Each structure stands twice: as structure tokens, then as C-alpha cells.
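A short write-up of the structure that comes next.
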Amino acid sequence: MQIPFVDLNTQHKPIRKEIDAAIKSVIKSGKFIFGPEVEKFEKETAEYCGTKFAVSVASGTDAIKIALLSCGIEKGDEVITTPFTFIATSETIILCGAKPVFADIDPSTCNIDPAKIESLITKKTKAILPVHLFGHSCDMDKIKKIAKKYNLKIIEDCAQSMGTLYKGKQTGSLGNAGALSFFPSKNLGCFGDGGMVVTNNSETAEKAKIFRNHGQIKKYHYSLHGYNSRLDTIQAAVLSIKLKHLNKWIEKRQTAALTYNKYLANTEIITPSSAPYTTHSFNYYTIKIPGKRNQIKESLAEKGIYTEIYYPLSLHLQEVYKNLGYKLGDFPNAELCQNEVLSLPMHPELKEKQIKYICECILDNIG
Ligand SMILES: *Cc1c(COP(=O)(O)O)cnc(C)c1O
């Protein structure tokens with residue numbers, strides 16, 4: 001049985017007609033940049049996230065970068081973040097001229113450990129960039145308390161957590177700004193690249209709008225150095241249709257996760273933890289396998305089951321960050337997780353019999 005990691009065709013099948021019609025209509029209008037669908041989708045996203053503003057951009061990476069810039073992060077600043085994340089998180093800090101400062105993770109959630117943050121704060125620290133990895137929120141009250149004490153900004157990387165509720169509130173609405181990604185495999189994916197900055201602060205939203213469009217304040221008048229980073233009208237039209245299904249898809253991911261948990265219970269496999277302060281939107285279902293991770297990944301691949309390792313090498317050990325001066329042993333929890341994590345196929349359309357088969361194949365290796 002071949003089981004893909006994500007299955008977008010199955011997801012799109014029931015809404016293909018509606019999506020095709022929406023794309024056709026944009027083509028007919030000819031308004032490919034800043035067509036009316038863009039503002040409509042921004043309004044819908046702000047409403048969904050419970051924020052006052054939403055500013056669409058060209059990717060999740062740009063959403064982080066523009067959120068940081070719009071919160072005033074600049075050359076010489078330090079931003080505290082996790083080493084156990086996708087490189088876009090730290091790359092964007094550097095693109096702003098700032099320096100990423102890593103804090104180790106909590107091995108149970110794989111998210112930044114709030115207890116590791118305070119000792120890293122210096123005069124240069126301007127912000128904390130928590131990443132809600134796999135769709136599980138960070139421990140935000142603790143992070144917010146530190147940010148308040150030291151007057152730091154919080155920019156949330158919500159690329160994997162759209163739809164996750166921290167104490168009843170959407171991730172992205174908890175700090176000064178949140179960054180969403182619409183990369184196809186995320187909880188809400190478009191037909192290419194896309195992203196969004198969400199915020200409750202009108203000044204931050206205004207700045208984000210200027211940054212995404214060349215620094216333009218009015219036609220051919222520029223107040224700062226900006227970027228070409230706009231969400232295509234076609235992508236906005238697709239996303240508007242898909243957003244209506246997001247909560248249902250997340251519920252299906254949660255059901256699939258419970259099914260996985262059931263078949264993996266009482267084994268040496270460590271299933272994803274779920275803290276009481278958050279829901280889990282399961283962008284990824286990530287287990288930990290002490291000792292046999294690589295062997296099990298290979299054996300699943302032989303059976304046609306696609307899995308991924310998020311992430312095989314923590315950022316502080318990456319060649320590109322040699323100049324930051326970190327070494328093996330600096331972040332033991334991140335280093336432990338990089339050797340044990342395995343993300344299993346996860347998408348709303350996953351069937352119980354597929355999950356059962358995947359779990360049987362895993363347990364075959366454990367004996
Ligand atoms: C996907 C992802 C990003 C980047 O989003 P893109 O839309 O691919 O640019 C940033 N951070 C994390 C944690 C991600 O998973």
C-alpha cells in the first residue's frame with residue numbers, strides 16, 4: 001500500500017469545481033495583482049485569527065521577515081528563537097540585519113523552552129520569535145511574561161499552526177505579530193507560495209503593507225526600502241474557498257492523530273504530547289523513536305510509506321551558522337530530538353486502515 005505524506009489531490013477533489021471557477025474568474029478580470037479577492041481574503045483571515053489586521057505577502061518566509069521589520073527589528077538587534085525549526089525562522093532574522101540567539105527546546109513538545117530564554121537576554125535583545133512547531137502552541141503565557149518584563153516584542157512563527165488554539169485564542173494573535181504560511185503542505189495551503197502577517201497593531205499592519213510593496217506609501221512615492229512581496233490574486237481566490245474548510249480539516253487531522261495514538265499506545269514509540277493549554281492542529285504528526293528512527297524510516301519507505309524528518313540537524317549545528325559560534329552539546333534537547341523524531345503521513349483524508357497499516361509496519365520493526 002503506497003501512502004503519501006500529504007494528499008492534496010484527494011483534498012481538492014470535492015472543491016475542484018468551485019476553485020476552477022474562481023481561478024477562471026480572476027483570469028477573466030485580468031486583476032492578477034491586488035485584485036479584490038486579495039482584500040477579501042485578508043479580511044477573512046483577520047476574522048479567522050481574531051486579529052484586527054491581516055496583510056498578505058508572497059510566502060511564509062516573507063511573512064516572518066516583514067513581521068519582524070514591521071515590529072522594528074533592525075541591524076544590531078538580537079532575536080531569541082528556537083534552534084529546532086525550519087531555516088526560514090532564523091534566515092529572516094538575519095535578513096533583517098539582526099542576530100538569531102538560540103534557546104534550547106522542551107523535549108516533550110519540541111518547542112522553545114521558556115525557562116531557557118531569560119538568561120540569554122542582553123541589551124541588544126529586541127524580540128522573541130516562538131515557533132509553534134508541528135501545530136502545537138508554545139507555552140505563551142510564560143513567554144509573554146518575559147517579554148513584558150524586558151519590553152521585548154513577540155513575533156509568532158505560525159507557519160505550522162494556523163488553526164491552533166492557545167487557551168481559546170488563535171496562534172498569531174498572541175504577540176505583536178504572527179506569520180502564516182500557505183505553502184501547499186501547511187494546514188491551509190494555496191497552489192504555490194503565499195503568506196500573511198496578522199496583528200492587532202495598526203502601525204505594524206501599515207508598515208507591513210508598505211514593506212510588501214517596495215516601500216511605497218502612495219503611487220511612486222517611497223518611505224523605506226521594501227520588497228516585492230504580494231499574494232497573487234489567484235492564490236487569494238483559492239485560499240478563500242479553502243479557508244471555509246479549514247476547521248473541518250483540522251478536526252480530521254486530530255481524529256487521525258487519535259487513531260495513530262491508539263495503535264501506538266503501550267509501545268516504546270513516543271507519541272506527540274499535547275499540553276493542556278493548547279489544541280494541536282497536527283500539521284505534522286511527529287513521533288519519537290529512541291535508537292531505531294533511521295532503521296524504521298527506511299523500512300517504511302521500502303513498503304511505500306513516506307515519512308519525513310523534521311528536523312535532522314538543529315540550526316545551531318548548520319554550516320551556514322558556523323560564525324554564530326555554537327557547538328555540539330550546546331542544546332542537548334534539540335540534539336536529542338533531531339535523532340529521534342519522525343513525522344508520519346498526516347492529512348485530513350487519511351483513512352483508519354492506512355493508519356493501522358503504518359503503525360503495524362512500525363511495530364514490526366520493534367518486535
Ligand atoms: C514552512 C515554514 C516556514 C516558511 O514558509 P514558506 O511559506 O515556505 O516560506 C517558516 N517557518 C516554519 C516553521 C515553516 O514550517
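The values are calculated or read from the model by the stated rules, or taken from the named source; none is laboratory data. Because the structure is predicted, anything quoted here is derived from the model rather than measured. So basically every Cβ, Gly included, is an ideal-geometry build from the backbone, and we count neighbours across all protein chains shown. Only protein heavy atoms, including side chains, enter the accessible area calculation; ligands, DNA and RNA are left aside. Shrake-Rupley method; radii C 1.70, N 1.55, O 1.52, S 1.80 Å.
Region 299-319 and region 70-112 have Cα centres lying 22 Å from one another.
What shape does region 55-129 have by the C-alpha gyration tensor, where a ≥ b ≥ c are the square roots of the eigenvalues, rounded means a/c under 1.5, and otherwise prolate means a/b greater than b/c and oblate the rest? Walk me through the numbers on the way to the answer.
Numbers: a/c = 2.29, a/b = 1.28, b/c = 1.79.
Note, shape of region 55-129 comes out oblate.
Let a ≥ b ≥ c be the square roots of the eigenvalues of the Cα gyration tensor of the chain; is it rounded (a/c under 1.5), or, if not, prolate (a/b larger than b/c) or oblate? Walk me through the numbers on the way to the answer.
Values: a/c = 1.95, a/b = 1.16, b/c = 1.67.
In terms of gyration-tensor shape, oblate.
Peptides 79-90, 317-328, 163-174 ranked from most to least packed give 79-90, 163-174, 317-328, packing being the mean of other C-beta atoms within 10 angstrom over each peptide's residues. Contact order for the chain, expressed relative to its length and based on alpha carbon pairs under 8 Å spaced 6+ residues apart, stands at 22 percent. In a fully extended conformation the segment linking LYS353 and GLU302 would gain 16.5 nm over its present Cα-Cα distance, using 0.36 nm per residue.
In this label model, ASN323 and LYS75 are separated by 1.4 nm, measuring between points 7 Å along each Cα→Cβ vector. In the structure shown, the pairs LYS242/LYS351; LYS153/LYS209; LYS52/LYS142; LYS24/LYS65 are assessed against 26 Å; a Cα-Cα span above that value is assigned to LYS24/LYS65. Taking every protein chain into account, the 1.4 Å probe leaves ASP141 with about 70 Å² of accessible area, to the nearest ten. Taking packing as the residue-averaged number of other Cβ atoms within 10 angstrom, the listed peptides 347-356, 211-220 run from highest to lowest as 347-356, 211-220.
Output the antiparallel fraction of DSSP beta bridges having both residues in the chain, as a percent to the nearest 5.
On the way: 24 of 39 bridges.
Restricted to the chain, the bridges split so that about 60 percent are antiparallel.
Just tell me which aspartates and glutamates come within less than 20 Å, Cα to Cα, of LYS252; anything on the same chain fewer than 8 places away is out. Within the straight-line cut-off, LYS252 pairs with ASP7, GLU349, GLU352.
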